[in-house]
Amino acid sequence: MHPYARFLNPIVHVSALRADPDERLKVEHPPTGWPQWLPQPDSARSPLTGWTRDHWAALADRLLLAARRHASPGHAAIIPPGPEGGYGRRVDGLEGFARTFLLAGFRLAGEAADPLNLAEWYATGIATGSDPASPERWPRLTEHPQAKVEAASIALILDLTREQIWNRLDGAVRERVVEYLAPAVGDTTYPRNNWLWFRIVVETFLRSVGGPWAPADIEEDLALHDSFERQDGWLADGDGRDFDHYTGWALHLYPTLWQRMSGAADLATDQRRERDRRLLDRYLLDARRLVGADGAPLFQGRSLIYRSAAAAPFWVGALAEVPSTPPGALRRAASGIVQHFAARGAPDAHGLLTLGWHGPWPALAQSYSGPSSPYWAAKGFLGLALDAAHPVWTAAEEPLPVEQGDFVRTIAAPGWAAHACVADGIVRISNHGTDHAHEGDQVGDSPLYARLGYSTATAPLLDEAAWTAPLEQSVCLIDSLGRATHRAGMRPLALFAEGGVAVAASTGQAHWLTAAASQQRHGSGRRGAAEPAGRLTVISLVRSAWEVRGAHIEGLAATRAAALRIGGWAVAAAGEGVTGGEAGGTASAIASGGGLISWVRALACAGSPAPARAGVLERAEASPLGEPARVPYLEYPVSPGVWVWTLVGMTRGSEESPRAELALTDAIEVTWPDGEVTTTPLECTYELPGLARVAANHPGAHLEYPDERTKQTP
């Protein structure tokens, strides 16, 4: 084994860690492959990642010094190499300053010294950027909406580093900063999502320095934030089914930081502080389960170019001193995430963050992103604001749930059935509740939100075709031209776990979409003219690395449907073999790439049709994880009123397609690939097109979700 491999890809079993602490991580000194700019790994305090506060500080300093090389003469703008962003060079420059200032502020807040001269360097940038007569001046809040986002980072860090920076600024500079931020007051154009916190933070800072502010603004924004609360500590990023990493790195981050701002002392009531802490505490119980053993966060949702920002909620938990997750467990999750990216090309050899996931892959960015946008990864470095004596830094790391054993877990708010396999360290979700839309919408499926499955090891296809023709992790009707239907706007039906199996189901009007020529490419599905195809109901039973997927079509609205296609997980990377299966009752298709194998296999069941086709589709320039991307699929005859069953899976290892057996009576009995037999009682499953009535008769079912608030034992 490569001496650095256990840190690069730390899938370490808890039993091994407990067996002999002295043998846990024997590595060379320094380890082969360990970056020279990092301290040596600390296997005593951090047996799973090797990372301590010193490693975080070294990475932060590397990022900050590399960014400086691309600053304007007056330090007001930082623009790393790359094409101009969607909002222009002036916004790129402001983003570069504000987002690295966020990182510098956390670095300053947790240290007594300032060896990089961060305070003076950024103070110069503040004086220059706030000067309306300077050629480097920042875009005003009234000139471009993005300035409202970046203004919040500037205000937050000026408050956090008040002694080091704000109090040392010249009086005229302080007046200019107040004038720059003041247009936020009374501005009603902030989008009604996580942006509400940008106005709250700016006005709270202005209040603390004697500037203008409006109590009604803050009261309104806090009420809007409260309206986003969903089950079990989750918050939606708006009024739709908008669940992604923004829940953690924005909607849980800002309340805790805001409570500690100087101007919030009497605004953040004890009741609100306790409420926010309670929600965060519960959310983190789910969030830890969505981190892979190699530190990879779930590849789902927009703004994934922010990478290490996914670590932010774990540091927020440490700051808020949540009761349910120990400090060592919080740090292990956060360090795993940043170490995952640092070991895979982010930052790059020049110390810069690029548009991409591991290495550069610009297509991952939304239309508004530019070369400075990835530096919102700074949110994931919040832990540096806590000094070295804080328990989150002194405690020994504790393993992630996926490192302790296989698990299934239902996550009610987004409608996810999570399942993980300790042998491969991968966390997967079966998605029956999130689509970045509203129930009944007839829009396109966003590959970032509306696929049936996401994981910590795979990425959805993200080429142009992925937005108009769902393939991977999908159930679609296919017409004679090969056009695939979309599922966005579906209605969740059931979500529960019993006997080691999690069950999720949804139904909706499958529809073909002719996308409009002009689109706002911010992560949502395409808009356009929809044509109904029929009602499609899907149920997922998940366990370990596997899913038994049932599909049922009824009420065909047109005769153009030529096939029902079941798409498996997308895998990507060069040099891997592909096997296409044959048609028939137990047909299968297998694709491999990047050390992963993805398969779909038909499950024989009385009355179910056999697949007419099995194969693998290959796409170029479609995945940030490698070239090319491959997806196994099965195509069944269109058989209204009949359930079709498929085994879907993805793991690391051999290219053999696992087998399972299915029996339907008044329950679903599955013999899984490992020989385990489970029985899930669902009355009349075979006959019912939808599962709402079935779920209603099942103990512990989440019904009429997501409107009903349900509870789950942590």
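The values are calculated or read from the model by the stated rules, or taken from the named source; none is laboratory data. Quick caveat, the model's predicted, so the values are computed rather than measured. Backbone-built Cβ (ideal geometry, glycine too); neighbour counts: all protein chains shown. When the accessible area is computed, the model is the full protein with side chains, heavy atoms only, and any ligands, DNA or RNA have been set aside. Shrake-Rupley method; radii C 1.70, N 1.55, O 1.52, S 1.80 Å.
Determine if the stretch 666-673 includes at least one residue that is hydrophobic (A, V, I, L, M, F, W, C), farther than 27 Å from residue 484 by Cβ and at pLDDT below 90. Yes.
For residue 114, the criteria (1) over 25 Å from the mean Cα position of the chain (by Cα); (2) closer than 23 Å to residue 354 by Cα; (3) part of a loop (DSSP other than H, G, I, E, B) hold in every case but one, which is (2). Put simply, of 423, 412, 385 the only residue that is over 23 Å from residue 50 (Cβ atoms), surrounded by fewer than 24 Cβ atoms within 10 Å (Cβ to Cβ) and at pLDDT 95 or above is 412. Within the stretch 379-397, residues that are aromatic (Phe, Trp, Tyr) have Cβ atoms under 9 Å from residues that are at pLDDT below 95 and not in a loop (DSSP other than H, G, I, E, B) in no pair, counting only partners at least 6 apart in sequence or on another chain. In this structure, is residue 86 buried (at least 20 other Cβ atoms within 10 Å of the Cβ) and either in a helix (DSSP H, G or I) or modelled with pLDDT under 95 (or both)? In short, no. Residues that are over 23 Å from residue 645 (Cβ atoms), out of contact with any Lys or Arg (no Cβ under 9 Å at 6 or more places or on another chain) and either open to solvent by less than 60 Å² (accessible area, probe 1.4 Å) or among the aromatic types (Phe, Trp, Tyr) (or both) within the stretch 608-622 comprise just one, 622. Across the stretch 427-441, the qualifying residues are those that are of a type outside the set (Gly, Ala, Ser) and part of a loop (DSSP other than H, G, I, E, B), and the one among them that is most open to solvent (accessible area, probe 1.4 Å) is 439.
Within the stretch 363-414, the residues that satisfy the criterion of being touching a strand residue (DSSP E or B) at 6+ places or on another chain (Cβ under 9 Å) and β-branched (Val, Ile, Thr) are 402, 408, 410, 411. Considering 296, 287, 264, 250, the condition of being more than 23 Å from residue 523 (Cα to Cα) and either in contact (Cβ under 8 Å) with a residue 40 or more places away in the chain or in contact with an Asp or Glu (Cβ under 7 Å, 6 or more places away or on another chain) (or both) is satisfied by 264 alone.
If you go through the stretch 27-83 and keep only what is among the β-branched types (Val, Ile, Thr), at pLDDT 95 or above and open to solvent by 40 Å² or more (accessible area, probe 1.4 Å), you end up with just 79.
Conditions tested, residue by residue: (1) open to solvent by less than 50 Å² (accessible area, probe 1.4 Å); (2) of a type in the set (A, V, I, L, M, F, W, C); (3) in contact (Cβ under 8 Å) with a residue 60 or more places away in the chain.
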position: 139; (1), (2), (3): yes, no, no
position: 147; (1), (2), (3): yes, yes, no
position: 154; (1), (2), (3): yes, yes, no
position: 170; (1), (2), (3): no, no, no
position: 181; (1), (2), (3): yes, yes, no
position: 190; (1), (2), (3): yes, no, no
position: 196; (1), (2), (3): yes, yes, no
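Scanning the stretch 281-293 for residues that are open to solvent by 10 Å² or more (accessible area, probe 1.4 Å), farther than 17 Å from residue 380 by Cα and charged (D, E, K, R) turns up 281, 282, 289. Checking each residue in the stretch 319-349 for being within 22 Å of residue 257 (Cβ to Cβ) and open to solvent by less than 10 Å² (accessible area, probe 1.4 Å) picks out 325, 329, 330, 331, 333, 334, 335, 337, 338. Just one of the listed residues (140, 107) is among the basic types (Lys, Arg) and assigned to a loop (DSSP other than H, G, I, E, B), and it is 140. For the residues 387, 424, the requirement of being touching a Ser or Thr at 6+ places or on another chain (Cβ under 6 Å), in a loop (DSSP other than H, G, I, E, B) and among the acidic types (Asp, Glu) singles out 424.
Considering the conditions (1) modelled with pLDDT under 95; (2) of a type outside the set (Asp, Glu); (3) in contact with a His (Cβ under 6 Å, 6 or more places away or on another chain); (4) over 25 Å from residue 98 (Cα atoms), residue 280 is excluded by exactly one of them, (1). Based on this model, can you work out whether residue 644 counts as within 20 Å of residue 421 (Cα to Cα), hydrophobic (A, V, I, L, M, F, W, C) and modelled with pLDDT of 90 or more? Taking the combined requirement at face value, the residue does not satisfy it.
Consider the stretch 551-564 and keep the residues that are in a loop (DSSP other than H, G, I, E, B) and open to solvent by 40 Å² or more (accessible area, probe 1.4 Å). The one that is modelled with the lowest pLDDT is 559. Of all the criteria given as (1) open to solvent by 20 Å² or more (accessible area, probe 1.4 Å); (2) farther than 27 Å from residue 558 by Cα, the one not satisfied by residue 672 is (1). Within the stretch 194-212, the residues that satisfy the criterion of being in a loop (DSSP other than H, G, I, E, B) and either under 24 Å from residue 283 (Cβ atoms) or touching a strand residue (DSSP E or B) at 6+ places or on another chain (Cβ under 6 Å) (or both) are 194, 195. Here residue 548 meets the list (1) farther than 29 Å from residue 661 by Cβ; (2) at pLDDT 95 or above; (3) among the β-branched types (Val, Ile, Thr) almost entirely, failing just condition (1). Only a single item in (1) assigned to a helix (DSSP H, G or I); (2) farther than 21 Å from residue 206 by Cα; (3) in contact (Cβ under 8 Å) with a residue 12 or more places away in the chain is not met by residue 102, and it is number (2). Take the residues of the stretch 294-317 that are in contact with a helix residue (DSSP H, G or I) (Cβ under 8 Å, 6 or more places away or on another chain) and of a type in the set (S, T, N, Q): which is surrounded by the fewest Cβ atoms within 10 Å (Cβ to Cβ)? Result: 303. Scanning the stretch 390-409 for residues that are assigned to a helix (DSSP H, G or I) and either in contact with a helix residue (DSSP H, G or I) (Cβ under 7 Å, 6 or more places away or on another chain) or at pLDDT below 95 (or both) yields a count of 6. Sub-6 Å Cβ pairs linking a first residue in the stretch 61-86 that is on the phi < 0 side of the Ramachandran plot and among the hydroxyl-bearing types (Ser, Thr, Tyr) to a second residue that is modelled with pLDDT of 95 or more and in a loop (DSSP other than H, G, I, E, B), at least 6 apart or interchain, are 72/136, ordered by first then second residue.
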